[in-house]
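The values are calculated or read from the model by the stated rules, or taken from the named source; none is laboratory data. Here the structure is a predicted model, which means the values were calculated and not measured. So basically every Cβ, Gly included, is an ideal-geometry build from the backbone, and we count neighbours across all protein chains shown.
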Amino acid sequence: MKSVLICPATRRSVSHLAEAMPFATVPLLGECLITFWLGHLASLGARDVIVLVADRAELVRRAVGDGRRWGLRVEVVTVGSEPTVGEAAARCRPFGEPGWLPAPDDLVVMNHLPGCAALPLFESYAGWCAALQAWIPQALTPGRVRMRELHPGIWVGSGARVAPRAQLHAPCWIGDHVAIETDAVIGPGAILEDRVVVGEGARVVQSVIGPDTFVGRLTAVVESIAAGSLLINWRSESVLRVPDSFLLCSLGDMPSLVPQTHLAGAAGAFGRTVLRWLKRLRALFSRSNCAAGTKPSG
Amino acid sequence: MTIKNEAQVLTISDIPELTAVNAGAFREQVTSALRESPTVIEVELSRTRFLDSSGLGALFALYRSVGESGEATLRLVNPRPEVRQLLELTQMQQLFEIVQR
């Protein structure tokens, strides 16, 4: 069975979401839109999927590979502009050949998550957040063994570290390798993507925090989408680039923070120091050996 | 930046940005204007497009000096949405009376 996925190219009302990557690969509950769709099509019996991409096709190609992960053959085709369903049909299935998934899964514009057409992703930032919240229970696909529902409505990924005095309020999603410091309040309605660090006493309520984002001590992220230093209030649609990294920033921008906040990072830093010293010792030994070797014999 | 004191109302306006560059000057000028003992202090932020932690520090210093005297009301007037976002992120909106006109 075959199917076509059409990647959204531009959506003006939520354009900031696609600043760093196309909409199809924006991180979404530890995965991305296109990987959820490929999993869905595979579960319906698809074997061949054509992905039509007009925006940064190489990133989409990298996200899906050849489709083997889902038992699919995936072909990513670069197009000049986002085609309509009719245009995609004319291009990929011009004579209505058999062997395709039944409508509407034969030709899909990825404007929503699978089975959630009533919750469009790209009409507003509020819509994006609402769709993610609704999708949480379905994001736990059978292959995702690392994510666990620790308490009704509280999902926590592997390697996540929650300080004993932090508060988690359902519903909330805490991705892999997230660190939540003491007295932080997470939820209700909070989604922390992978590798987020939430500082001491910070509050994240009705908000989505993108991967590798640092939320500073005593800050309050409420009704917002944060990704690195970008902060979008989904209710007012106001957009702010936070100027001070101790309030909100991408962890990629402040690499020194990671070893301080992660035990694994601290161990890594210790290991690197030991290796550096071993190298120096080896260099010293080889120098002294060289000196001994070049010593005139008499 | 314009500072006007009329009928015991001190209005600070025309602040295109409040950052590390001008936060010190803002504090100095406002501190000297506070000597006239106004009963209402309004910081007009409708033109303020950029605020950073130094600017927030200057507003907090003003809040503290007004709070210590206890004789004046401090208001932030017409902050732009992005300035309001920063006030909310730092939870400083709880300290100030924010007025939209």
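Before moving on, here are some points about what is shown:
- B:ILE3 being more than 14 Å from chain A (Cβ to nearest Cβ) and within 29 Å of A:VAL222 (Cα to Cα): no
- Identity of the residue in the stretch A:121-142, touching a residue at least 60 places away in the same chain (Cβ under 8 Å) and part of a loop (DSSP other than H, G, I, E, B), that ends up surrounded by the most Cβ atoms within 10 Å (Cβ to Cβ): A:LEU121
- Residue in the stretch B:14-27 that is out of contact with any Cys (no Cβ under 7 Å at 6 or more places or on another chain), assigned to a strand (DSSP E or B) and surrounded by fewer than 18 Cβ atoms within 10 Å (Cβ to Cβ) present: yes
- Verdict on B:LEU76 being under 27 Å from A:ARG241 (Cβ atoms) and more than 14 Å from chain A (Cβ to nearest Cβ): yes
- Cβ-Cβ under 6 Å pairs, at least 6 apart or on other chains, the stretch B:75-101 side over 21 Å from A:VAL215 (Cβ atoms), far side among the aromatic types (Phe, Trp, Tyr) and at pLDDT below 95: B:LEU76/B:PHE96
- Scan of the stretch B:65-81 for residues that are within 16 Å of B:ILE98 (Cα to Cα) and part of a loop (DSSP other than H, G, I, E, B), ordered by number: B:ALA72, B:ASN78, B:PRO79, B:ARG80
- Filter result for A:ALA118 (part of a loop (DSSP other than H, G, I, E, B) and aliphatic (A, V, I, L, M)): yes
- Counting only strands (runs of 3 or more DSSP E) that sit completely within the stretch A:184-256, those holding 1 or more residues that are at the interface with chain B (Cβ under 10 Å from one of its Cβ atoms) and surrounded by fewer than 22 Cβ atoms within 10 Å (Cβ to Cβ) correspond to A:203-205, A:220-222, A:239-241.
- Lone unmet requirement of (1) surrounded by fewer than 17 Cβ atoms within 10 Å (Cβ to Cβ); (2) not in a loop (DSSP other than H, G, I, E, B) for B:ARG101: (2)
- Tally, over the stretch B:67-84, of residues that are of a type in the set (A, V, I, L, M, F, W, C) and more than 16 Å from B:LEU95 (Cα to Cα): 0
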